[in-house]
């Protein structure tokens, strides 16, 4: 059986890869993928903790499914926004849309 | 019964809106016809109102007051501002005066303003003025009167400045507006004082005015307030209102705007600055007359002496002016002062609160003179317009000998001059004579001064008449084209006004001598009762003889080809002539007081304070907010990744803090 620390290590790794990607990538799609990585890291934590520490309960699993659902909706919205941004700015770079603040 | 009177006010308003908004797309003729036709209907309605009103039965010998419309426009606790229509003898009389003169001016302007740029705008402003003036006389309370009072001021401003590319016109319109506004400030303060202490804006303590009937009695608390306020407050308020009226009616020393207002088109001078707007002050005193009589009889001597001085001053200046419109303007000031004096001398006698005979006489005479003066002075101004139209100048020096070229203008002008001079069988005689009789009864001093001023009136009017129509023909000025009689649209109004002047004159003079009833006094009198005019034979004879003597003097001096006596007088008293020509330096004194004293000693420091301290405070606050904004502006970079880094750093920091605790 894989010890719980390995799950934690994997999820922490995935989480920081996601954060790093979000901060460093300019491409909007790449940033979206990074956010998905962060969410998946959280999912792994939920599933692992539920399975290994509280085998009788199901709340962690539900939470995982819930997060997957929300992530799907979020990426649909985000992709819609990205397509519109691309149509308007002819670019998918986050630098191109800095003037959205005005 | 009088529900149609609302159209008297709505029609000119409507034609103002139509001409003002769509006028520029219209032909000149169409615009003029719209204005004139709507005014024609207003005139018919006014005459109908007068016919029905004076035809209605009197109750206890008094004409009833009708209020066909009155609604509360703005309630403020106990006080309320109302708008409505009030019909009583003086407002109905004013309806006749305003609509008649205004219609004549509308017709006359077809000829006078022919082909002028802005013809439609001119008619729009005339409609606006007529509406405001009618609203002023029909007002049911002081506040409504004040609103329309300001509106006539605005329309006067617009019409004086009609030739706006010309600098003098602009300056004159500004002067008229500022001077009258300055006086109106006192009027407003008076109204507010009155309203604050008495809790009402009505014209009298007879009661609040209610639609559909005359008046309802005041509630008791108001009456009590009025009695307490009666001692000092009401006279103060009335005198403040009189200052407003003095500004509008060009009483000394607020008269300075009226001579300059002659820069406007001549028909406008006839309508606004001779017949209607300038008598608004007289009308105001007449409107507040019950209050004056009851609460401030002593203060009425202010009106008398301001009037006497103004009448004398203006007559003296008129003797030396060379611009024909200026002569007429000063003559207007002088004649309005006559009306003021007439109202001022109508004190109650020693019979307590009941108005005795000569109290009635002064009031009646003032209103009568207002009526007759409006007609003959409008005629004089319109005649002057014809002359200016023919000669293309206002200067008397360029005229002379015009009687051959302009017969109609000549005859009508002569008749009006005779009327203003006070020759029997012309309307001015009857009204001026009543004024002098009333003055004699008040105090012989005032009476004799007014007789002397009446003589001066006859003198300067005939100086003007001979200067224009007799004397040497200025051939040089006629080289371009010989003067010609004005077109029909301009002469017909002259004839109509002249017929009114003669008709009223013959009727009242004969009626006075033969003791007929039914003259002016039976329509308009202070108490609303039938007042029969009795001629005082002594006064009538004296003033007629004096008037004839001064006409003879004017004839002797000014009729001839050359004027040796006038020249010699001029050489003997050059300083006096110069002072009179310069209006005794009144404008210079005002200029000095306003510019040197008020502007320099009061306004400049206040302006400095405003610019540096008040503006400085706010500028500092704005600068602070701006700087703060600038300094935090970079935080909002718009760069998503930067936000993410801040967010992450914050989260990490918070986590660390929580862990440490």
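The values are calculated or read from the model by the stated rules, or taken from the named source; none is laboratory data. This structure is a prediction, so every number in the text was calculated from the model and none was measured. In this analysis, Cβ positions are derived from the backbone assuming ideal geometry, glycine residues included, and neighbour counts consider all displayed protein chains.
Quick rundown of the values:
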read-out: Failed item in (1) part of a helix (DSSP H, G or I); (2) at pLDDT below 90; (3) away from chain B (no Cβ under 14 Å), with residue A:44 passing the rest; value: (2)
read-out: Among the residues listed as B:449, B:420, the single one being crowded, with 20+ Cβ neighbours inside 10 Å, in the same structural domain as residue B:324 (by TED's automatic domain parsing) and closer than 28 Å to residue B:566 by Cβ; value: B:420
read-out: Some residue of the stretch A:17-25 being surrounded by 13 or more Cβ atoms within 10 Å (Cβ to Cβ) and either more than 17 Å from the chain's Cα centre (by Cα) or away from chain B (no Cβ under 14 Å) (or both); value: no
read-out: Unmet criterion (only one of (1) surrounded by 17 or more Cβ atoms within 10 Å (Cβ to Cβ); (2) over 9 Å from the mean Cα position of the chain (by Cα); (3) away from chain B (no Cβ under 14 Å)) for residue A:6; value: (1)
read-out: Conditions (1) closer than 28 Å to residue B:142 by Cα; (2) modelled with pLDDT under 85; (3) more than 24 Å from the chain's Cα centre (by Cα); number of the one not met by residue B:82; value: (3)
read-out: Residues satisfying the stated conditions in the stretch B:414-458, i.e. more than 25 Å from the chain's Cα centre (by Cα) and not in a helix (DSSP H, G or I); value: B:423, B:424, B:425, B:443
read-out: Conditions (1) more than 14 Å from the chain's Cα centre (by Cα); (2) more than 14 Å from every other protein chain (Cβ to nearest Cβ); number of the one not met by residue A:97; value: (2)
read-out: Residue pairs meeting the criteria (Cβ under 7 Å; at least 6 apart or on separate chains; first under 30 Å from residue B:647 (Cα atoms), in the stretch B:615-636; second at pLDDT below 95 and in a helix (DSSP H, G or I)); value: B:636/A:101
read-out: Criterion violated by residue B:197 - all others in (1) closer than 20 Å to residue B:83 by Cα; (2) out of contact with any strand residue (DSSP E or B) (no Cβ under 8 Å at 6 or more places or on another chain) satisfied; value: (1)
read-out: Subset tally (residues that are within 14 Å of another protein chain (Cβ to nearest Cβ) and assigned to a helix (DSSP H, G or I)) for the stretch B:630-661; value: 18
